[in-house]
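Here, each number is a calculation from the coordinates, and none is a lab measurement. Keep in mind that this is a model prediction, so the values were computed, not measured. Here the Cβ is made from the backbone with ideal geometry for all residues, glycine too, and neighbour counts use every protein chain on show.
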Amino acid sequence: MGSLKSNNKEHDKSSANTKENLKPDLCYGARHTQIILMFLLISLGYMMRVALSVGIVAMTDPNASPNPDIPTYEWDDESIILSSFFLGYMIPQIGAGQLAKYYGPKYFLAGATAIGSVISILIPVMAQFGSWAIIICRVLQGIAQGFMYPSCHHLLSKWTPPSERSRFSTFVYAGTSFGTVISLPLTGWISGSSLGWPFAYYLYGALGLLWTVVWLFLGKNSPKEHKKINPLELKYIETSLNETHDQKPMATPWKAIFSSLPFWGIFVGQCGQNWGYTTLLTNIPTYMGNVLNFDIKSNGLLSAGPYFTFWILSFISSYLADWAITHRVTSIGNTRKIANSIGAVVPAIALIILGVIGTTSTNVTTGALILLFIAVGVNSSTCSGYQVNHMDIAPVHAGTLMGISNGLSNVTAIIAPLIIQFIVTEASNPYQWATVFYTSAAIFIAGNVIFVVFGSGETQSWNYAKNHSSEIHTDFKVQVVPNERKESIKNKF
């Protein structure tokens, strides 16, 4: 019995190594171009999304800009304005995943990005009509950006071999932090200059339109649609994913999805993440301005600092996750759970400490900044946790799964700012902010516990068509490609 296990283990290692040897000796391939384009999309989406977090401070502060011609407004529904984006954001998620699966996401992404960019350019004009006009713009912008995550998840499931999945997926979704890092200080600087806050919306909208044009020329739905891809790279990707050229989309197994505990584990984990991340993203500028007393320019720069940390640490955590999976240190499932636990529990502890020192110390500026850097930075580890787990349990339906979980979990992103509005009635009161931090910490931990208990790294049986003969693997699917076959492929091309 022991000999049998040993032989199986050696066979798995040999199979994995043989498959890895099929990887073409290319420093840069077609898949890298697609990954970079998706990263830029997510980055630009977050630049537009986050701009209002700092922009709304300048839009309601007559002293923000030295230019007297820059308009300002008196609004008392700022929390509704901030949460309105997510009301629209959740609407197209499931449909976007289905459209990506059956028709390919290329043109849907292009159209949605163009619409969102035009809306960004129109925001300064619409602001003249009142806060309700901004709310409508943000809802529409949310609908447009609702196509991003399901579409990118579908593209990642088509373009990324399992052994590269953590790194490539993390690089793409690190656009959330990169876009935030750029948008917060840049919007703060623009708002505090003679250019004024409207210029920030014009800039981000123009960049979004530029991306749309580039995407239409270079973006591809899958490797097999790429006419100039290196044949060895195409073979490497399709062999790794066990795909064939004539593979057609299968029907979505809705009943199996909604009765799947691993999927619900992802969903609840994402709910916890969305609450905590959105709370920090939309409220750090307000906290820094009213509790830590930073001006608009310093506020934007320092608010971006934690997200720069997030961006850097996300690459480290994703590399370690891929290394652990490739070298079979841990299974895919355990790797996802460990990464997610680090990304949820450490930030929760930091937020609890932040709440305590905020109500017990008089000079908390330095300590608060350090804790915010830790809370947001270490949270990046979840990029190698629940966020890529859809592709582990059901790569065929990854876009749809992301659409469901991302759409429904964003209810928390709508509720969080509204609840915070009732908790924080005096923006400079550290006790009220402590309640916000304790609540977010508890939700971070609760979401992670459910993910750890019910999450899985195994490909689920409902991922395949009923007549499909593939086995379920606890790691990425292994297809043995003999060296002589690899040589024949090379000779053929």
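Listing for the model above:
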item	result
Sorted by Cβ neighbour density within 10 Å, fewest at the top, the residues 400, 425	425, 400
Assigned charges on the beta-carbon of Lys, Arg, Asp, Glu; the chain dipole about Cα centre (debye)	1720
Residue among 239, 100, 437 farthest towards the positive dipole end of the chain, charges placed on Cβ	239
Cα gyration tensor shape for the stretch 82-189, rounded if a/c is under 1.5, else prolate or oblate	oblate
Length-normalised contact order of the chain in % [C-alpha pairs under 8 Å, at least 6 apart]	25
Most to least packed among 127-133, 393-399, 139-145, 367-373 [average Cβ atoms within 10 Å]	393-399, 139-145, 367-373, 127-133
Estimated 222 nm signal from helices in the chain, with DSSP H stretches of n ≥ 4 weighted -39500 (n - 2.57), rounded to 500	-24500 deg cm²/dmol
Residue order, fewest to most surrounding Cβ atoms within 10 angstrom, among 255, 228	228, 255
Label-point gap, in nm, between residue 61 and residue 250 - each point 7 angstrom along Cα→Cβ	5.5
Approximate spin-label separation residue 366-residue 217, in nm, with each point projected 7 Å along Cα-to-Cβ	5.1
Three-way shape call for the stretch 26-492 based on the alpha-carbon gyration tensor, with the a/c threshold at 1.5	prolate
Shape category assigned to the stretch 294-414 from the gyration tensor of Cα positions, a/c cut at 1.5	prolate
Length gained when the stretch residue 133-residue 77 is fully extended (0.36 nm per residue, less Cα-Cα span)	18.9 nm
R0 of 30 Å, Cβ-Cβ distance residue 242-residue 107: FRET efficiency to nearest 0.05	0.65
Burial order of peptide ranges 42-49, 77-84 (average beta-carbon count within 10 Å, highest first)	42-49, 77-84
